[in-house]
Amino acid sequence: MAMAMAMAKLLSFLFYLLLHSNVGEGFDVRQHLSTVSRYSAAKELANNGYVPSTIPEECTPIHLNLVARHGTRSPTKKRMRELDRLASHLEMLVNDAKHEAEKGNLSLEKIPAWLWGWLSPWKGKQRGGELISKGEDELYHLGIRIRERFMDLFNEEYHPDVFTIKATQVPRASASAVAFGMGLFSERGSLGPGKHRAFSVISESRASDLLLRFYDICETYKQYRENREPAVGKLKEPILDQISSALVSRYQLNFTRQDVASLWFLCKQEASLLDITDQACGLFTPSEVSLLEWTDDLEVFILKGYGKSINYRMGLPLLQDVVQSMEQAIRASEEHNDPGTYEKARLRFAHAETVVPFSCLLGLFLEEAELARLKHEQPLELPPKPPQERNWRGNVVAPFAGNNMLVLYTCPTNNTSKYFVQVMHNEVPVPLLGCDGSDFCPFEVFKVSHPSNSQDTSGDETLTLNSVQRIYVLQEKIVNPHLAHNYNSLCSAKLEEPQPISVTSKFFYWLFSKKIDDEASSHKTKLEL
């Protein structure tokens with residue numbers, strides 16, 4: 001009888017582990033960390049259903065634009081202090097549970113062993129946010145892969161005017177640029193065993209970096225974000241409350257909503273930076289991880305993505321800079337300039353707040369109907385709640401080292417257009433709705449009535465061309481709609497005071513379950529484009 005009871009307890013325990021373990025077959029928590037995901041995890045999630053365009057053999061790349069996020073980094077000083085507070089609170093919860101166990105009110109068997117005496121791995125650190133070795137590795141190998149993929153572009157001697165490298169003044173971004181450059185130009189110099197060479201990284205002041213830190217300068221956006229952040233917090237609360245109730249029942253510890261938020265943050269840091277998935281991450285079931293990931297994705301969507309047009313339209317200076325660099329490359333090609341006299345790559349290293357708006361300006365991660373709504377200034381629905389599928393996932397949109405590349409090709413024998421642009425996200429060609437679902441966009445051709453009417457908008461002398469000038473389909477269908485807006489007018493405008501707006505029960509049911517709806521209906525606010 002005793003043996004049967006012991007066997008029953010063992011089976012029950014094994015069943016419990018099966019239900020609540022994140023290490024179950026087919027589920028890797030490292031692929032569900034939203035924008036805290038490492039680049040390697042994001043690459044594994046690439047959509048393999050899309051078949052990229054076949055680039056004709058006669059087409060040659062003549063210019064490359066890169067907009068990349070910094071690599072995997074340590075938590076910031078502010079978040080490290082949060083983890084120290086979490087450690088103190090967990091100690092209090094465990095001690096309370098120990099006292100209750102001594103009274104015979106609960107069992108300590110359900111408390112995970114790692115919680116006893118847990119301290120933050122970053123305890124005692126005075127600084128944070130720096131690029132870690134994994135992040136260096138991500139950018140270093142990205143540089144090597146890009147060089148190998150586009151050998152025709154990177155086959156000549158380095159010069160800072162030929163290969164322009166820019167980064168924000170934030171150390172993790174400039175360090176990412178250095179790691180990338182070390183990979184890109186490895187074995188191209190004479191420094192050390194790796195035959196490295198020195199190269200230049202340009203940074204603008206944080207206070208005036210219009211191209212890579214436009215979000216710091218745009219007053220309209222800063223006001224929008226300040227107004228909207230509390231509402232985003234309210235959107236998360238029902239999910240955090242639901243999961244905290246589940247954790248209290250599961251582990252017999254009085255976890256609060258804030259505990260769950262901090263434990264989820266710890267989970268992301270442990271899994272992404274330390275490859276630890278059986279501690280904080282192990283507290284949550286796969287379905288709970290998916291819900292927490294979704295709340296993070298909502299935040300990115302609302303505050304950085306398609307949730308409001310100012311989020312991405314403030315990135316117009318960056319988009320214009322990309323287009324201008326391609327126009328200059330076309331002029332150099334038309335004039336048959338000598339190698340080494342014109343720019344072949346413009347490489348930029350910044351942050352998620354840069355990469356996400358730029359992706360939105362290109363129209364990535366949209367369905368056809370959503371693109372139509374944006375063109376008519378209509379709001380988009382939020383990314384659907386799990387288990388529904390969604391295009392908008394933070395770990396794909398902007399993981400650590402996430403990037404967009406636009407590669408300009410010349411195709412001399414093509415009958416319709418001479419120049420094409422291929423768009424890639426995280427090194428994978430992606431279809432653009434603005435280019436009829438193709439990742440390889442042709443240029444439209446128009447003839448200049450008189451050469452002297454053609455002005456170089458970059459400030460150079462008037463160009464006299466023996467052939468026609470060409471405009472991109474990319475610029476006509478993707479760039480031009482945004483150019484109807486002006487950065488200064490967009491970012492100087494005052495937002496209207498938010499008005500309380502009721503929400504329909506149908507929309508609220510979509511966002512949360514009926515039970516959560518009944519408990520938190522007063523927290524939901526309407527999102528406008």
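The values are calculated or read from the model by the stated rules, or taken from the named source; none is laboratory data. What you see is a predicted model; the values in this text were computed from it and never measured. Backbone-built Cβ (ideal geometry, glycine too); neighbour counts: all protein chains shown. These area figures cover heavy atoms from the full protein model, side chains too; ligands, DNA and RNA do not enter into them. Shrake-Rupley method; radii C 1.70, N 1.55, O 1.52, S 1.80 Å.
Observations
- When residues of the range 134-177 are limited to those that are β-branched (Val, Ile, Thr) and in contact with a helix residue (DSSP H, G or I) (Cβ under 8 Å, 6 or more places away or on another chain), the one surrounded by the most Cβ atoms within 10 Å (Cβ to Cβ): THR168
- Residue in the range 198-217 that is over 30 Å from TYR487 (Cα atoms), assigned to a helix (DSSP H, G or I), of a type outside the set (Ser, Thr, Tyr) and not assigned by the TED database to the domain that holds ALA113 present: no
- Those residues of the range 108-141 which are in a helix (DSSP H, G or I), of a type in the set (Lys, Arg) and more than 17 Å from ALA42 (Cβ to Cβ), in sequence order: LYS110
- All positions within the range 26-53 that are on the phi > 0 side of the Ramachandran plot and assigned to a loop (DSSP other than H, G, I, E, B): GLY26
Rundown of residues vs (1) within 26 Å of TYR39 (Cβ to Cβ); (2) open to solvent by less than 10 Å² (accessible area, probe 1.4 Å), yes/no style:
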| site | (1), (2) |
| --- | --- |
| CYS360 | yes, yes |
| PHE365 | yes, no |
| PRO386 | yes, no |
| GLY394 | yes, yes |
| ASN403 | yes, yes |
| THR410 | no, no |
| THR416 | no, no |
| VAL430 | yes, no |
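- Filtered residue count, the range 219-255, keeping only those that are outside any helix (DSSP H, G or I) and either assigned by the TED database to the domain that holds ARG69 or within 20 Å of the chain's Cα centre (by Cα) (or both): 0
- Single residue of the range 33-50 satisfying the filter (within 14 Å of the chain's Cα centre (by Cα) and open to solvent by 30 Å² or more (accessible area, probe 1.4 Å)) that is modelled with the lowest pLDDT: LEU45
- Scanning the range 70-85 for residues that are in contact with a Leu (Cβ under 8 Å, 6 or more places away or on another chain) and open to solvent by 10 Å² or more (accessible area, probe 1.4 Å) returns a single hit, ARG73.
- Qualifying residue in the range 397-407 (condition: within 19 Å of the chain's Cα centre (by Cα), of a type outside the set (Ser, Thr, Tyr), at negative phi and in a helix (DSSP H, G or I)): yes
- Condition met for GLU138 (farther than 17 Å from LEU266 by Cα and over 37 Å from the mean Cα position of the chain (by Cα)): no
- Within the range 284-334, helices (runs of 4 or more DSSP H) holding 2 or more residues that are in contact with a His (Cβ under 6 Å, 6 or more places away or on another chain) and under 30 Å from LEU263 (Cα atoms): 286-303
- Look at (1) out of contact with any Leu (no Cβ under 7 Å at 6 or more places or on another chain); (2) open to solvent by less than 40 Å² (accessible area, probe 1.4 Å); (3) within 27 Å of THR277 (Cβ to Cβ); (4) of a type in the set (A, V, I, L, M) and you find that LEU119 fails only one, number (2).
- Inside the range 405-425, residues that are of a type in the set (S, T, N, Q) and either in contact with a helix residue (DSSP H, G or I) (Cβ under 6 Å, 6 or more places away or on another chain) or not assigned by the TED database to the domain that holds GLU343 (or both) make up a count of 1.
- Residue among PRO61, PRO75 that is outside any helix (DSSP H, G or I), within 24 Å of LEU291 (Cβ to Cβ) and modelled with pLDDT of 95 or more: PRO75
- When the range 321-349 is filtered for residues that are within 21 Å of PRO412 (Cβ to Cβ) and basic (Lys, Arg), the ones remaining, listed by number, are ARG331, LYS344.
- Looking across LEU298, LEU292, LEU283, one residue alone is within 15 Å of VAL397 (Cα to Cα), in the same structural domain as ILE239 (by the TED database) and buried (at least 19 other Cβ atoms within 10 Å of the Cβ). It is LEU298.
- Residue tally, condition open to solvent by less than 20 Å² (accessible area, probe 1.4 Å) and under 28 Å from LEU131 (Cα atoms), over the range 233-267: 8
- Residue within the range 86-97 that is within 28 Å of the chain's Cα centre (by Cα) and either among the aliphatic types (A, V, I, L, M) or in the same structural domain as LEU347 (by the TED database) (or both) present: yes
- Pair list, Cβ under 7 Å, 6 or more apart: the range 366-377 residue over 17 Å from ARG390 (Cβ atoms), other residue open to solvent by 40 Å² or more (accessible area, probe 1.4 Å) and of a type in the set (Phe, Trp, Tyr): none
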